[in-house]
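Here's the structure, in C-alpha cells; my notes come after.
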Amino acid sequence: MNPMRHTSSSSRRSGWTLIEMVLVVTATTVLSAVGISVIMLLMRMEQTGTVSLARQRATSSLALQLRADGHQSTNVELVTDDNAPTQVRLTLPEGGTVTWSAREGTVTRAVSDGDSESGRNAFHFPDCSARWTLTEDARHLSLHLSTDAATVTTSEPESVEAFETTIDVNLGRLSDLGRQLRFASTAVPENTSEAE
C-alpha cells in the first residue's frame, strides 16, 4: 500500500472540480433564462388579455346604449366632416337629442334637452377608428370599429391585437312596434263588443 496514493485520492474527492462548477453554473443560467422568458410571456399575455377584455366591455356597453337610443329615436341625422360621417344625431320622442360622435379612439354619447347638455358618456377604443353608415331609408344605422392597419404593422405584434366589430341598429323599431300594438289593442275590444 502506498500512503501517497491514498491521501491524494481522498483530497481530490473532498472538493468540487472545475468541470462540475461549470456544469452547475451553466444549468442555473439556462433555467433562469427559461424562467424569465416564461414570466415575460405570461406578462405579455396578461396585458393583451386585459386590453381585449376592456374592448369587449366597452363594445358591449356601447352596443346596448346605442341600440336603446336607436330604438327610441324618431329621427336620425348623419353629420359629415371632410366627407366622412363623424356624428349621428338621434331625436327622441320627448324632444331631446342624443349625439354620438367618434374621434381618435373614443366614441362619445351626449344627451341634450334643448340647449343644455344633460349627460355625456365616453367609450374608449385605443388605436381604433370608427365609421358610421346609415341606409338610404334611414332605418338602419351601423357603427364599424376597427384597429388602424398602420398601428398594427408599425408596433410590436404582441402589444396591439387586431380588433374589428360592427354594431347594427334598427332605428325606431320598438316605437313602430308599440304603435302597432296600441292600434291592435284598441281594435280588439271594439270587435268583441260589436259581436255581443
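Report yes if some residue within the stretch 65-72 is small (Gly, Ala, Ser), modelled with pLDDT of 85 or more and within 16 Å of ALA138 (Cα to Cα); otherwise report no.
Scanning the stretch 65-72 turns up at least one residue that is small (Gly, Ala, Ser), modelled with pLDDT of 85 or more and within 16 Å of ALA138 (Cα to Cα).
Filtering the stretch 114-128 down to residues that are assigned to a strand (DSSP E or B) and in contact with a Ser or Thr (Cβ under 8 Å, 6 or more places away or on another chain), which residue is surrounded by the most Cβ atoms within 10 Å (Cβ to Cβ)?
PHE123
Give me a count of the residues in the stretch 97-113 that are surrounded by 14 or more Cβ atoms within 10 Å (Cβ to Cβ), under 24 Å from ARG57 (Cβ atoms) and either without any contact (Cβ under 8 Å) to a residue 12 or more places away in the chain or not basic (Lys, Arg) (or both).
11
Condition first: under 18 Å from LEU141 (Cα atoms) and under 19 Å from the mean Cα position of the chain (by Cα). Can you find one or more residues in the stretch 91-98 that meet it?
no
Identify, please: which residue in the stretch 81-95 is in a strand (DSSP E or B) and at pLDDT below 80 and is, among those, farthest from ARG131 (Cα to Cα)?
The selected residue is ASP81.
Each row is one residue, and each column tells you yes or no for (1) more than 30 Å from THR99 (Cβ to Cβ); (2) modelled with pLDDT of 85 or more.
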site	(1), (2)
THR28	yes, yes
GLU46	yes, yes
VAL51	no, no
ARG57	no, yes
ALA63	no, yes
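Is one or more of the residues making up the stretch 55-63 touching an Asp or Glu at 6+ places or on another chain (Cβ under 8 Å) and either assigned to a helix (DSSP H, G or I) or within 17 Å of GLU161 (Cβ to Cβ) (or both)?
The answer is no, given that none of the residues of the stretch 55-63 is touching an Asp or Glu at 6+ places or on another chain (Cβ under 8 Å) and either assigned to a helix (DSSP H, G or I) or within 17 Å of GLU161 (Cβ to Cβ) (or both).
Take the residues of the stretch 96-140 that are among the hydrophobic types (A, V, I, L, M, F, W, C) and more than 27 Å from VAL51 (Cα to Cα): which is modelled with the lowest pLDDT?
Selected residue: ALA138.
Exactly one condition in (1) at pLDDT 85 or above; (2) under 30 Å from LEU42 (Cα atoms) is not met by VAL152; state its number.
So VAL152 meets the others, but not (1).
Picking from GLU77, GLU94, which residue would you name as being out of contact with any Pro (no Cβ under 7 Å at 6 or more places or on another chain), farther than 30 Å from ALA162 by Cβ, acidic (Asp, Glu) and loosely packed, with under 13 Cβ neighbours inside 10 Å?
Just one listed residue meets the conditions, GLU94.
The values are calculated or read from the model by the stated rules, or taken from the named source; none is laboratory data. Because the structure is a prediction, the values reported are computed rather than measured. Every residue, glycine as well, gets a Cβ built from its backbone with ideal geometry; the counts of neighbours run over all protein chains shown.
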